[in-house]
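The values are calculated or read from the model by the stated rules, or taken from the named source; none is laboratory data. Please read all numbers here as calculations on a predicted model, not as lab measurements. Every residue, glycine as well, gets a Cβ built from its backbone with ideal geometry; the counts of neighbours run over all protein chains shown. Ligands, DNA and RNA are stripped out before the accessible areas are found, and what is left, the full protein with its side chains, is counted by its heavy atoms. Shrake-Rupley method; radii C 1.70, N 1.55, O 1.52, S 1.80 Å.
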Amino acid sequence: MTAGKVWYSMNSMALSVAHLQATEVSFRVTIAVQRERAWELLSDLSLAHNYVPGIIDTRIVTERKMGVGASRAVYQSKTKFMNETVEEWNDGYGFLIRLHYGDDGPPFPFKEAWFRYAIEDSGTDTILTARLIYVMRWGFAGRWLDRLLLNRFVKIRIRDVALSIKIYYETGERVTSEKLHKLKATL
């Protein structure tokens, strides 16, 4: 497994879905598999626990297993889970999921939150972009808190998700903290 190229991106954008000021944090990584294979793995919504740090199980909770409207529950423990529902689907290239706790909204401290997975060809490799898009609660005070503290944590978390996907797609093995630490040490 090679370290590959990595890119960070963070900026504010107007998210048309919510018509609100949103923050976007993304991380790009090159994965040594062809895009078709990467899509085969990415589009299987039941595999997230193999590559998302802190997730121990993934269950599809809708009849739809892929595409707009498909939803999964990602478990942080045997009883604590968050829902992820597909809102956009670009077959072969990625999707956008809304992060929420049933009807109770997104994880705290977000007012709205989405995660976008996008892949593109890069010769025989694939470039993956993992992107968290979120709107903070509390207006200006929330945006200030985000810039001061939260964004640093989010940036690390998104990087870890993207690197873990790289490890899982290239090895086929569930990612452990040791495997992730070893890859990060090469960057």
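Looking at region 160-187, which of its residues are touching a strand residue (DSSP E or B) at 6+ places or on another chain (Cβ under 8 Å) and open to solvent by 50 Å² or more (accessible area, probe 1.4 Å)?
L187
Is it true that some residue in region 125-148 is open to solvent by less than 20 Å² (accessible area, probe 1.4 Å), of a type in the set (K, R) and either within 21 Å of A48 (Cβ to Cβ) or touching a strand residue (DSSP E or B) at 6+ places or on another chain (Cβ under 8 Å) (or both)?
For region 125-148, residues open to solvent by less than 20 Å² (accessible area, probe 1.4 Å), of a type in the set (K, R) and either within 21 Å of A48 (Cβ to Cβ) or touching a strand residue (DSSP E or B) at 6+ places or on another chain (Cβ under 8 Å) (or both): absent.
Output the number of residues of region 80-91 satisfying the condition of being touching a Ser or Thr at 6+ places or on another chain (Cβ under 9 Å) and surrounded by fewer than 13 Cβ atoms within 10 Å (Cβ to Cβ).
Total meeting the criteria: 1.
Please count how many residues of region 149-159 are of a type in the set (A, V, I, L, M, F, W, C) and touching a strand residue (DSSP E or B) at 6+ places or on another chain (Cβ under 9 Å).
Total meeting the criteria: 3.
Write out, first by first residue and then by second, each pair whose Cβ atoms fall under 8 Å of each other, whose residues are 6+ apart or on separate chains, and whose first residue, in region 57-81, is within 16 Å of L96 (Cα to Cα) while the second is of a type in the set (S, T, Y) and loosely packed, with under 13 Cβ neighbours inside 10 Å.
Between residues of region 57-81 that are within 16 Å of L96 (Cα to Cα) and residues that are of a type in the set (S, T, Y) and loosely packed, with under 13 Cβ neighbours inside 10 Å, there is no close pair.
Among all residue pairs at least 6 apart or on different chains, which show Cβ distances below 7 Å where the first residue, located in region 166-187, is closer than 19 Å to I127 by Cβ and of a type in the set (S, T, Y) and the second is part of a helix (DSSP H, G or I) and open to solvent by less than 60 Å² (accessible area, probe 1.4 Å)?
These pairs meet every condition: Y168/N50; Y169/A38; Y169/L41.
How many residues does region 100-124 hold that are outside any strand (DSSP E or B), within 20 Å of the chain's Cα centre (by Cα) and surrounded by fewer than 18 Cβ atoms within 10 Å (Cβ to Cβ)?
Filtering region 100-124 down to residues outside any strand (DSSP E or B) leaves 101-109, 123-124.
Checking the rest, the ones that are also within 20 Å of the chain's Cα centre (by Cα) come to 101-102, 105-109.
Those still in the list that are surrounded by fewer than 18 Cβ atoms within 10 Å (Cβ to Cβ) too: 101-102, 105, 107-109.
Of the residues in that region, 6 qualify.
So is S46 touching a strand residue (DSSP E or B) at 6+ places or on another chain (Cβ under 9 Å) and part of a helix (DSSP H, G or I) or not?
yes
Consider only pairs whose beta carbons are under 8 Å apart and that are at least six residues apart or on different chains; among these, list those whose first residue lies in region 131-143 and is assigned to a loop (DSSP other than H, G, I, E, B) and whose second residue is surrounded by 14 or more Cβ atoms within 10 Å (Cβ to Cβ).
Here the result reads R137/P109; R137/F110; R137/K111; W138/P109; W138/L145, each pair linking region 131-143 to a residue that is surrounded by 14 or more Cβ atoms within 10 Å (Cβ to Cβ).
What about S77, is it open to solvent by 20 Å² or more (accessible area, probe 1.4 Å) and farther than 19 Å from I158 by Cα?
Yes.
Give me the residue from region 60-74 that is in a strand (DSSP E or B) and not hydroxyl-bearing (S, T, Y) and, out of that set, most open to solvent (accessible area, probe 1.4 Å). Please lay out each step first, then the result.
First pass over region 60-74, keeping only residues in a strand (DSSP E or B): 60, 71-74.
The next check asks that each one be not hydroxyl-bearing (S, T, Y); those that pass are 60, 72-74.
On the way: I60: 50, R72: 3, A73: 1, V74: 2 Å².
My answer is I60.
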